[in-house]
Amino acid sequence: AGDEAVLPLRAAEVLGRPKDVSFAIDQAARWNAQHESLRARFDLEHVGVLGHSFGAYTALVVAGARPALDWLQPSVAPGRGLGPDLRDARIQCGVALSPQGPGEPFFIEASYASLKVTMLGISGSRDQQQQAEPENRRRGFELWPAGGKTFIWLNNADHTAFSDSTGSGRRMLPSR
């Protein structure tokens, strides 16, 4: 999922997106058990998640990062600090394209300490969104727990360099 959120952030959407991932995994489990043509087709012992932009937020949260409450509307008690643990223990690895750094507006520095799975982050020197400086995305990665993490920093890559979504209606355009 992509599409960067606009401030203020709707609490139901920010806290609901990770639950959508869990719902999708639950559905795959049901199909594995009951669906005539999909029975036993999903390997739920090896589940990964990938997201770009707002989707990167979602990937990080289901992998164990805790969202910040500071920017949510309506306010969620206690109104500031770490939000709920929305990790899905079935997620074993993740990829975050254009992952947010602290204060951008999904996370605070303490949010990343609870990441539990191997993560790959990819961003670039021109990756600005929500008035965030690209270096803050790198700062977020530095706060990910040691071990099981890789971060790829691409010179001159901007926020749209990780997809073919240019707004032009054309698909599969080469990245600048």
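The values are calculated or read from the model by the stated rules, or taken from the named source; none is laboratory data. In this text, all values refer to a predicted model and were calculated from it rather than measured experimentally. Note: ideal-geometry Cβ built from the backbone for every residue, glycine included; neighbour counts use all protein chains shown. Please note that ligands, DNA and RNA were not included when accessible areas were found on the heavy atoms of the full protein model with its side chains. Shrake-Rupley method; radii C 1.70, N 1.55, O 1.52, S 1.80 Å.
Here are the numbers for this structure:
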| item | result |
| --- | --- |
| Candidates P78, P134, P67, ranked by Gaussian network fluctuation over the chain, Cα under 10 Å, top entry | P78 |
| Förster radius 22 Å - calculated FRET efficiency between A89 and K149 (Cβ-Cβ, nearest 0.05) | 0.75 |
| All Cα pairs of the chain, percent lying beyond 28 Å | 25 |
| Linear extension gain, L38 paired with S75, 0.36 nm per residue minus alpha-carbon span | 9.2 nm |
| Dipole magnitude of the chain about its Cα centre (Cβ charges: Lys, Arg +1; Asp, Glu -1), debye to nearest 20 | 200 |
| Rg over Rh, two decimals, region 1-88 (C-alpha only, Kirkwood Rh) | 1.07 |
| Probe 1.4 Å, accessible area per residue of the chain, Å² | 53 |
| Extent along principal axes [Cα atoms of region 40-83; Å; largest to smallest] | 43, 20, 16 |
| Of the DSSP H helices in the chain, those whose Cα atoms cover at least 18 Å axially and whose Kyte score averages -0.5 or more | 11-34 |
| The chain: most fluctuating residue of W71, W144, W31 per GNM, C-alpha cutoff 10 Å | W31 |
| Accessible surface, 1.4 Å probe, highest first, among residues F162, F107 | F162, F107 |
| For peptides 110-121, 14-25, 37-48, 89-100, sequence by mean Cβ density within 10 Å, most packed first | 89-100, 110-121, 14-25, 37-48 |
